[in-house]
Amino acid sequence: MNTIPTPNHPATSRYWLFAALIFSIWATFFHLGDFPLLSPDEGRNAEVAREMKVAGTWLVPTYDGATYLDKPAFFFRSVALSLAALGDTEFAARLPSALSGLGILIMVFAFCRRAYGEMTASLAMVIVASTPLFMAFSRIVIFDMMLALFVCAAIFAAYLAEEHEGKTRRHWYWMATLAAGLATLVKGPVGFLVPLLVMSAFHLASGRRAAIKRFFRPAHILLFLAVVLPWFVGLSLACPDFPYYGIMKESIARFTTTEFRRTQPFYYYALIIAGCFFSWSVLLPESMRITLRERTRLGRPDQLFVVWALVVVVFFSLSQSKLPGYILTGVIALGVLVARVFAEAIEARNAAAQGIIMRACLGLALAACLLAIPFLVLSFAPEALAKPRWLTADTIKQFGPLLPGFSISLGVTATLALVAYGLKSTRFALVAFLSISVLLLTANFEVIPRHASLKSARSLFEKLPADIPANSEFACIGCMPHGLPFYLGQPVTVFTEDGNELTSNYVLFSLKSGKAWPDRLVPHAQMQHHLTARNHPTYLMARSDRRAELEAIALKQATRVDRLYSDYIGTLLPATGH
């Protein structure tokens, strides 16, 4: 591929840039606060940030009053600041992720404009912004998008450092080091390991081994330590068990063992890319074949993105703990490579690129039609399919009315792809590939809040009786609706056998090491004593598996049992303590 920036007509460049910026903002922020916090991750992370805001601290996060060291405090602090400025809302909780996403898109544009030209830069913004994985993680309260922001910044800056000499190179390396340090503050060692591995592999493939030595200059190491050590030392002094837990458990054990129960097969990320990079993933098989065949002709920026995507996917495929968000930066790199194909076809600089896109249009039309078939069957004859366990009658009732819309949308995509193929129009093909994401956020958006309502504590919160006194304690037997403390604006007492309900690896580690139980985490054996010692009302909740236990307590106290959301029930216990 030609990597020399190609000049565009100024009016055309302005049009592409304006369109790309508007689309990127829309794809990142549209409907940001229009669905409830998902459980467990969003509900838990938002509550950690809310407690940080209330306490006015930043070093030691807490969840439901318990020390929570599963992740560093940087992301929580950013969410806490957003909550303080905008209130305790879903929009405010998600804003740092959305701003991080927009920051990535702006960086991608700036880098690609420098390396390729404005057409590729604008297309890269649009394609990355429209990938389902990017759209999802810019809309949820989770670390991955902010981590990706600083990892991308470190990689871009380290690459640009080797494009210069003297003081300019030094400044770019300082920026790369600073970004790697901030990435580490977001999510631990992976923040510096990913850019280090990507750039080391890139320089090895380019025959620039001397560049790798420059990463480890004393000034760079000192700057990195100046960013990371104040947090690490301060937290270690406050919580002396953190160094062992953070390094041995959260980092080494997560990568090398199945302790965290997130194991997946080695090919897991191939499936994630096929689905979470759709519809652009249809272009990948032939593009990869041609890239391998012509690898010696690739320019340095293209080599960077190829190596970047490969290193991220291979590195996390080797890990025993796998989640979709781990390869977010690899998907960003793939988005840029797809943008290169479209730009060369649109600018009529590469006939092979146009051929790839046209053939991919046929693949997209076929894939859209195949995906539409089960939606149509579920809409009109659900009994015809062998149902997996999650496809219950309630699920069909909840989502059934939306399925015809999905089928129609997929039909629209297939039609656009076939028209693009018939017209041999790359621009029309771009519209066809974008239509999946656009229709998801418009015509088909309702599926997202409906899905979220099934997995959010807000549904439970909205079903709580209106007559619960303002000074009541909220408590759960053997369960923890993650996000309920956020919506209540206060922690929830959990009666538990082992603390698993908080889904915090650090809490479990802490309890197993013999440390005192947090105030809001009460051993189940002490529940009766806790309830009889109250000097305030308590609203006690449980799920169906503890129904008999809660109903016995309600009967003894002569209180009513409320049917809440899903299989939750609750009862209001009056104050009995002295």
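The values are calculated or read from the model by the stated rules, or taken from the named source; none is laboratory data. None of these values were measured; they are calculated from a predicted model. Cβ sites come from the backbone with ideal geometry, for glycine too, and all protein chains shown count toward neighbours.
Points to keep in mind about this one:
- Test for R560: is it assigned to a helix (DSSP H, G or I) and basic (K, R): no
- Near pairs, Cβ below 6 angstrom, 6+ apart or cross-chain, from region 118-141 (over 15 Å from I448 (Cα atoms) and in contact (Cβ under 8 Å) with a residue 40 or more places away in the chain) to any residue that is part of a loop (DSSP other than H, G, I, E, B) and of a type in the set (S, T, N, Q): E118/N8; M119/N8
- For the residues R340, R349, the requirement of being touching a residue at least 24 places away in the same chain (Cβ under 8 Å), buried (at least 16 other Cβ atoms within 10 Å of the Cβ) and among the basic types (K, R) singles out R340.
- The numbered conditions (1) crowded, with 16+ Cβ neighbours inside 10 Å; (2) at pLDDT 95 or above; (3) out of contact with any strand residue (DSSP E or B) (no Cβ under 8 Å at 6 or more places or on another chain) are all true for G422 except (1).
- Scanning region 93-121 for residues being polar (S, T, N, Q) and at pLDDT 95 or above gives a total of 2.
Quick grid of which residues meet (1) of a type in the set (F, W, Y); (2) out of contact with any Gly (no Cβ under 9 Å at 6 or more places or on another chain):
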site: L81; (1), (2): no, yes
site: A93; (1), (2): no, no
site: P96; (1), (2): no, yes
site: G101; (1), (2): no, yes
site: P132; (1), (2): no, no
site: F137; (1), (2): yes, no
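- Taken as a whole, the structure leaves V377 outside the set of residues that are β-branched (V, I, T), touching a helix residue (DSSP H, G or I) at 6+ places or on another chain (Cβ under 8 Å) and crowded, with 21+ Cβ neighbours inside 10 Å.
- Of all residues making up region 141-173, the number that are farther than 22 Å from V190 by Cβ, of a type in the set (A, V, I, L, M, F, W, C) and touching a Phe, Trp or Tyr at 6+ places or on another chain (Cβ under 8 Å): 1
- Checked against the criterion of being surrounded by fewer than 19 Cβ atoms within 10 Å (Cβ to Cβ), more than 21 Å from F76 (Cα to Cα) and out of contact with any Gly (no Cβ under 9 Å at 6 or more places or on another chain), the candidates A210, A238 yield just one match: A210.
- Evaluating I221 against the criteria (1) modelled with pLDDT under 95; (2) of a type outside the set (S, T, Y); (3) over 29 Å from the mean Cα position of the chain (by Cα) leaves one unmet condition, (1).
- Single match in A452, A516 (criterion: free of Cβ contacts under 8 Å to residues at least 40 places away in the same chain and surrounded by fewer than 21 Cβ atoms within 10 Å (Cβ to Cβ)): A516
- Boolean, I332 is β-branched (V, I, T), part of a helix (DSSP H, G or I) and modelled with pLDDT of 95 or more: yes
- Tally, over region 491-507, of residues that are in contact (Cβ under 8 Å) with a residue 12 or more places away in the chain and surrounded by fewer than 18 Cβ atoms within 10 Å (Cβ to Cβ): 3
- When each of L416, L441, L366 is tested for being within 26 Å of the chain's Cα centre (by Cα), more than 30 Å from L540 (Cα to Cα), at pLDDT 90 or above and not assigned by TED's automatic domain parsing to the domain that holds V492, the lone residue that passes is L441.
- Evaluating D545 against the criteria (1) part of a helix (DSSP H, G or I); (2) surrounded by 15 or more Cβ atoms within 10 Å (Cβ to Cβ) leaves one unmet condition, (2).
- T120 being in a helix (DSSP H, G or I), farther than 30 Å from T89 by Cα and in contact with a helix residue (DSSP H, G or I) (Cβ under 9 Å, 6 or more places away or on another chain): yes
- Helices (runs of 4 or more DSSP H) wholly inside region 179-289 that include at least 2 residues being among the aliphatic types (A, V, I, L, M), in contact with a Ser or Thr (Cβ under 6 Å, 6 or more places away or on another chain) and free of Cβ contacts under 8 Å to residues at least 60 places away in the same chain: 218-238
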